[in-house]
Amino acid sequence: MRIFVIDDDRMWEDYYRRVLRGYDLDFFHDGVAAMAEMDDVRPDLVVLDLLLVGPTGFAILNEMRSYPELASVPVVIVSSVELRDELADDYGVAAVLDKSKMTPRELRACVEECCCAA
Amino acid sequence: MKSEVIGSSAGGLSSGAVVVAHELKAPLSLMRQLALSLELEDDKAGVKRVGDQIVATSERALRQVNDLLKVARLDDALFEMEPVNPRAVCDDVVSELWQLFRFNRRELKIDYRNRRHLVVANRQLLHSVVYNFCLNAMNYGGEELPSEVMISDRKNGRIRVAVRDYGPAVPTRIWREIKDGFVNRPLEIAMRPGSSGMGLYIAAKFANYMGADFGLIRHRDGTSFYVDLQISGQLSLV
């Protein structure tokens, strides 16, 4: 399973590598680079932060949804932003996790569930 | 904390306090996640690495809190000006930050071109200025080239201490505010934790206190933030 992790804070990269050990992870620190890669490679899952330098996570999400081949890619939002529960429905994302409240086990379980469903 | 740090009041809590809370939420969230993830580690090296990351992240957050406390106490004139060797200060900062840069998959190098003069500064405040410049470069610098801590002589009897990054251009609005010397609030470089521009705000305050010129140069491929400091009349003993 190939997972794109889009988060501009590099300190989180090591964390994701350890928590999601066993998955094929590609890291992107801005949305432009991630979208460029998605032109060539369709990920099985996207783990997306919202507050990024450059295009926000919402912009990336909207962009993905505008392409038929990417529209169905499951997205897990992992962000420090406190979001409404309905956001998952509004944007059609698989899950929304709060960086300040989630646990590593919850993150891994969420990713496993998305990958199983994919 | 003083009102000039806090900024305008909004919703019962000042905007500055909101920025500070936002800034500190990022390292606190990361430290919590790293601590929780320790249970996933089954070898000593992995545990040590996570421990080092927690320490580096907490030290960075603590330094930011300490700097904000210093900003609040600037008016008390607690920070005496003295002859300071800028190379020694920059060496200290680089030594302090190399591990944090490594965890961020970044590099930091030095490029000293000044003759060995002392500058008139407060050592603690100059350290904070350079530290905050470096953190800014770490957050916004590109991945291909290392950020550089540079010291050079100026023609006007000053020495420039600068940090050069190879990241995206600073927004024109921010550039203008700094150029005009209007840095009275954290500058929002990007709306995300850790990017409120708090470090630049702190650096500008400390530079102003030391009578240094604070500014930035926009390059085609990045930005240099700098302070120009008065050369001390005292001969360098180094």
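The values are calculated or read from the model by the stated rules, or taken from the named source; none is laboratory data. Source: prediction; values computed, not measured. No Cβ is skipped: glycine too gets one built from the backbone with ideal geometry, and neighbour counts run over all protein chains shown.
Miscellaneous remarks
- Enumeration of residues in region B:102-137 that are surrounded by 19 or more Cβ atoms within 10 Å (Cβ to Cβ), in contact with an Asp or Glu (Cβ under 8 Å, 6 or more places away or on another chain) and within 14 Å of chain A (Cβ to nearest Cβ): B:ARG106, B:LEU108, B:ASN136, B:ALA137
- Meets criteria (buried (at least 20 other Cβ atoms within 10 Å of the Cβ) and at pLDDT below 90) for B:GLN64: yes
- Within region B:23-49, the residues that satisfy the criterion of being buried (at least 20 other Cβ atoms within 10 Å of the Cβ) and in contact with a helix residue (DSSP H, G or I) (Cβ under 9 Å, 6 or more places away or on another chain) are B:GLU23, B:ALA26, B:PRO27, B:LEU30, B:GLN33, B:LEU34, B:SER37.
- Sole exception among (1) in contact with a strand residue (DSSP E or B) (Cβ under 8 Å, 6 or more places away or on another chain); (2) in contact (Cβ under 8 Å) with a residue 40 or more places away in the chain for A:GLU37, by number: (2)
- Residue within region A:38-50 that is within 12 Å of chain B (Cβ to nearest Cβ), within 13 Å of the chain's Cα centre (by Cα) and at pLDDT below 95 present: yes
- Condition check for A:ILE60: closer than 23 Å to B:ARG32 by Cα and β-branched (Val, Ile, Thr): no
- Considering the conditions (1) at the interface with another protein chain (Cβ under 10 Å from one of its Cβ atoms); (2) part of a loop (DSSP other than H, G, I, E, B); (3) within 14 Å of the chain's Cα centre (by Cα), A:TRP12 is excluded by exactly one of them, (2).
- Any pair with Cβ under 7 angstrom, 6 or more apart, that starts in region B:31-49 at a residue that is more than 15 Å from A:MET102 (Cβ to Cβ) and ends at one that is buried (at least 16 other Cβ atoms within 10 Å of the Cβ): B:LEU38/B:VAL50; B:GLU41/B:VAL50
- Applying the condition of being more than 19 Å from B:VAL89 (Cα to Cα) and surrounded by fewer than 21 Cβ atoms within 10 Å (Cβ to Cβ) to region B:139-155 and asking which residue is farthest from the other protein chains (Cβ to nearest Cβ) yields B:LYS155.
- Number of residues in region A:20-59 that are more than 22 Å from B:ARG106 (Cβ to Cβ) and assigned to a helix (DSSP H, G or I): the value is 5.
- Residue within region A:43-53 that is touching a Pro at 6+ places or on another chain (Cβ under 6 Å) and either surrounded by fewer than 21 Cβ atoms within 10 Å (Cβ to Cβ) or touching a residue at least 12 places away in the same chain (Cβ under 8 Å) (or both) present: yes
- Any hit, region A:54-74, residues being over 30 Å from B:PRO171 (Cα atoms), within 14 Å of chain B (Cβ to nearest Cβ) and in contact with a Ser or Thr (Cβ under 9 Å, 6 or more places away or on another chain): no
- Among the conditions (1) modelled with pLDDT of 80 or more; (2) more than 13 Å from every other protein chain (Cβ to nearest Cβ), B:ILE6 misses just one, which is (1).
- Some residue of region B:80-90 being buried (at least 21 other Cβ atoms within 10 Å of the Cβ), in contact (Cβ under 8 Å) with a residue 40 or more places away in the chain and either closer than 27 Å to A:ARG10 by Cα or of a type in the set (Asp, Glu) (or both): yes
- Within region A:89-118, being assigned to a strand (DSSP E or B) and among the basic types (Lys, Arg) holds for no residue.
- Residue in region A:75-88 that is β-branched (Val, Ile, Thr), part of a strand (DSSP E or B), within 14 Å of chain B (Cβ to nearest Cβ) and surrounded by 14 or more Cβ atoms within 10 Å (Cβ to Cβ) present: yes
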